[in-house]
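In what follows, a single structure is set out as structure tokens and then discussed.
The values are calculated or read from the model by the stated rules, or taken from the named source; none is laboratory data. Keep in mind the model is a prediction, meaning the values are calculated, not measured. Please note: Cβ atoms are built from the backbone with ideal geometry, for glycine as well, and neighbour counts cover all protein chains shown. SASA here: full protein model, heavy atoms, side chains in, ligands and nucleic acids out. Shrake-Rupley method; radii C 1.70, N 1.55, O 1.52, S 1.80 Å.
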Amino acid sequence: MYNTIIMPVDVFEMELSDKAVRHAEFLAQSEGIIHLMHVLPRSGNLTMHRFAMDVRRFEEHLFQEAQTRLNTMIEHFNISPERIKTHVRFGTVRDCVNALANELDADVVVIGSRNPSITTHLLGSNASSVIRHAHIPVFVIR
């Protein structure tokens, strides 16, 4: 169905992605590749130079932990692990999804959503932001 699927996930809230995993698998069918992506907030705005090294170490730790959890998440899929790629980025979910979509010439985004509020109009804030700024179709799974 789709050749390149981006699936942003929060590796620190895995239960949010369970339903989205099944939808991404279905959309990938027998040939598609799923790109799991976790986005970490950039803490580079700190101006205190004496804490810069600690911040970098903390970011490296978060990066490694996110990568480990993404690799564990691959086991939740019922498709070949070779068809699942992982990406950890720093920034905002919206910007990172769009950048990866452009890099990969992606076909679709599959994102899980929960805990909506009135300000996000029945979608999670990340899902809402991705939908508003995406240049490709977005499936929101709840």
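Kindly indicate the residue of region 86-136 that is among the hydroxyl-bearing types (S, T, Y) and closer than 18 Å to D10 by Cβ and also modelled with the lowest pLDDT among those meeting that condition. The extreme case among them is T120. Of all residues in region 1-18, those satisfying the criterion of being open to solvent by 20 Å² or more (accessible area, probe 1.4 Å) and not in a helix (DSSP H, G or I) are M1, Y2, N3, T4, D10, F12, E13. Counting the residues of region 80-117 that are farther than 21 Å from V138 by Cα and part of a loop (DSSP other than H, G, I, E, B) gives 1.
Do you know which of the residues in region 19-67 that are aliphatic (A, V, I, L, M), modelled with pLDDT of 85 or more and in a helix (DSSP H, G or I) is surrounded by the fewest Cβ atoms within 10 Å (Cβ to Cβ)? Looking at residues that are aliphatic (A, V, I, L, M), modelled with pLDDT of 85 or more and in a helix (DSSP H, G or I), I get L62.
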